Amino acid sequence: MTAYPHMLAPLDLGFTTLKNRVLMGSMHTGLEETKDWNRVAEFYAERARGEVGLMVTGGIGPNLEGSVLPGAAMLSTEEEVANHKIVTDRVHENGGKIAMQILHAGRYAYGPMCVAPSPLKSPISPFPPAELDEDGIEKQISDIVATAARAKEAGYDGVEIMGSEGYFLNQFLVTHTNKREDRWGGSYENRMRLPVEVVRRTREAVGTDFIIIYRLSMIDLVPNGSTYDEVVQLAQEIEKAGATIINTGIGWHEARIPTIATSVPRAAFAWVTKKLMGKVSIPVITSNRINTPEVAEEVLSTGCADMVSMARPMLADPHFVKKAMQDKAAQIAPCIACNQACLDHTFSGKISSCLVNPRACYETELVVAPAETKKSIAIVGSGPAGLSTALTAVERGHEVTIFDRASEIGGQLNMAKQVPGKEEFWGFVDWYRTMVAEAGITVHLNTEATVDTLKGYDEVIIATGVLPRDPEISGQDGDNVHSYIDLLRHKVDTGKKVAVIGAGGIGFDVSEYLVNEGESPTENLPEWMKEWGVADTEEHRSGLSPQGPQPHAPARAVTLLQRKAEKHGKRLGKTTGWIHRAALKMKDVEFVGGVNYERIDDQGLHVSFGDARENPTLIEADDIILCAGQVPERSLADALEAEGITCHVIGGADVAAELDAKRAIDQGTRLAATL
Ligand code: NAP
Ligand code: SF4
């Protein structure tokens, strides 16, 4: 008997059956744009081998004006049909099913040709859209329908019509973006005409035995978005128009409420989908921050949806479903919702991957093959760099021994997990612990490895990490000054006024830690919704609370300082930096930039401004926390080199600047693949 009977139950769609209730949601990985169709095919085939019930591709543009970016993948020629067929054939050979997402971006399209119901520029794009006339609207419909027909020809099992997240069809639905007075605007019947027409004509074109998923925005989270009644009305009309499944969209891209970041509670929006259950008779999929089989099972067994969508978790572990089927859920590599290697890459024009699994989207390039010669490998340091090297090396048949002077594995991940909103890091370290035990790796904790310890191994890997940088500020030896390690690892107590020196990722994390006390809102959905101003859609249009965000009072008065004059958090993740900034702003954290650190005394931190060291200012503080970056810990590597012992230095011990777990894991995995 499985622990996940609802998640693993088949879903009968009449003309076809999905083998379980897990959908791999659409992600813009950038793979289709590489035009390396073997690579695209392998990405999806690996997930098909992992037993996911149905996959949806990244968004494919129906025409030039609707494509997200100039050069974005389309399906408009016979040659493109043949290319896509490589993918669908490979998926089917591996027992999977795949639908192609048709994404018309409307005013979100990043290009001068973009079109929309009304000529209103979006706040997240520099391009003002052209207003469509009647013929223009007809053209968009026929381009979408023609793309769906070609998807069928290319062997897809279905299409997903993207109607949410503030894209084109969504833009017609609400008065926020639709100011038209013709039959495509005005009343709700008129505003929903376009999505319904698109689904109706698509069904006509593709016939009955073809999946049509409609992704419907169930909570817009922008002013003047849809009401609950409008969402239900649309869903019912979409069903009548011939959709097979309705998928949930949560929030527009321009919404200022986080919807998928790691600080969003797990399954935070399943209640939104649940409201639609029973209102339509076709299956309904829920989405957002579902990342374990336990959460998926809970969501399904409590009637929130008929199926769950997980996108990023399928990057982290393509064999998510298979491992759940085999009762090996603890071995599923967890998506920690960091966005660092997936969405942040997408928005920087890079191919997506995954912080936890650097092989994601690199299946054909980063190949972990059995080693020709079995080696004994010593790894010093059990942070993400050391652990990723160890697991990949064992997978290849090597024998690995890990040394760490700490009492637990995980390195700096153990500090990250202390930060409110980063609770996912607990599961990440647990996963490493499970995998290390499963792989039979010998781990010597509380052990200082020396040159002598490391003699005799075939390979020595130094992953000793980093040391905090010494900012050399006069008075920093005082009792009121602590490093971030004192705070996050040794739990030193602080007074009510705190100055944080350094506004990098760790300075932000430390500030978050200091302003929050008690239960993290990430662990308490009602609190989290109140904090960000998310309301019941039945009570408030668009799911926006009229009171706006109502955060708890900050536990401490925090000043976050940096020497640079640039905006605080500018170098944080592209898709998450704004959330970190907004979260601290809500807790009244004061951002002070462009400072010189003059000295620290019992009153607090004395700073001045500019090259001329003007405007001397006292930042009154009971305690000062140093988060001034890090330097490589290379002492062991240097000692080995002095003795003529060759070693590989990776992670922070190699280069500390801007080090994060993504680079450490990628470097460790790639090294181990070559040993
Ligand atoms: P970091 O990102 O390099 O930031 C170091 C901070 O210290 C900067 O704000 C820098 O600003 C300041 N600084 C540098 N030298 C200094 C000096 N001599 N005296 C005083 N201040 C100095 O390093 P980190 O915060 O330690 O983070 C390490 C890595 O982990 C980074 O890659 C970071 O992105 C990653 N991380 C990310 C997150 C996240 O995205 N949420 C969270 C944690 C860690 P000024 O030079 O302007 O003063
Ligand atoms: Fe999840 Fe982070 Fe991997 Fe993206 S990079 S899939 S958010 S773990």
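Tabulated results
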quantity: Between 0 and 90°, nearest 10: helix 661-672 axis offset from the chain longest Cα axis; calculated: 80 degrees
quantity: Extension gain from residue 190 to residue 294, taking 0.36 nm per residue of separation minus the Cα-Cα distance; calculated: 33.3 nm
quantity: Equivalent-ellipsoid semi-axes of the range 525-675, from the Cα gyration tensor, Å, largest first; calculated: 39, 28, 13
quantity: Length-normalised contact order for the chain - Cα pairs under 8 Å, 6+ apart - percent; calculated: 12 percent
quantity: The range 316-379: equivalent-ellipsoid semi-axes (sqrt of 5 x gyration tensor eigenvalues, Cα, Å); calculated: 24, 19, 12
quantity: Convex hull volume per residue in cubic angstrom - Cα atoms of the range 220-282; calculated: 98 Å³
quantity: Theoretical FRET efficiency, 1/(1+(r/R0)^6), r = Cβ-Cβ of residue 179 and residue 523, R0 45 Å, to 0.05; calculated: 0.60
quantity: In degrees, nearest ten, helix 424-438 long axis to first principal axis of the chain (Cα); calculated: 80 degrees
quantity: Surface per residue (accessible, 1.4 Å probe) for the range 548-591, Å²; calculated: 52 Å²
quantity: Counting all C-alpha pairs of the chain, share separated by more than 43 Å (%); calculated: 28 percent
quantity: Straight-distance crosslink candidates among lysines, where the alpha carbon sits under 17 Å from residue 152 and sequence neighbours closer than 8 are dropped; calculated: 85, 97
quantity: The range 159-286, accessible area per residue, ligands and nucleic acids excluded (1.4 Å, Å²); calculated: 29 Å²
quantity: Relative intensity, log₁₀ I(q)/I(0), of the range 234-355 from a Debye sum that treats every alpha carbon as a point, q = 0.15, 0.19 Å⁻¹; calculated: -0.76, -1.10
quantity: Paired Rg and Dmax values of the range 154-272, which use every Cα atom, in angstrom; calculated: 14.7, 43
quantity: Dipole moment magnitude, nearest 20 debye, the range 11-332 about Cα centre, only Lys, Arg, Asp, Glu C-beta charged; calculated: 760 debye
quantity: The chain: antiparallel DSSP beta bridges as a percent of all, rounded to 5; calculated: 20 percent
quantity: Semi-axis lengths (Å, descending) of the ellipsoid that matches the C-alpha gyration tensor of the range 11-332; calculated: 29, 23, 18
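The values are calculated or read from the model by the stated rules, or taken from the named source; none is laboratory data. Because the structure is predicted, anything quoted here is derived from the model rather than measured. Cβ sites come from the backbone with ideal geometry, for glycine too, and all protein chains shown count toward neighbours. Accessible surface is based on the protein model in full, side chains and every heavy atom, while ligands, DNA and RNA are left aside. Shrake-Rupley method; radii C 1.70, N 1.55, O 1.52, S 1.80 Å.
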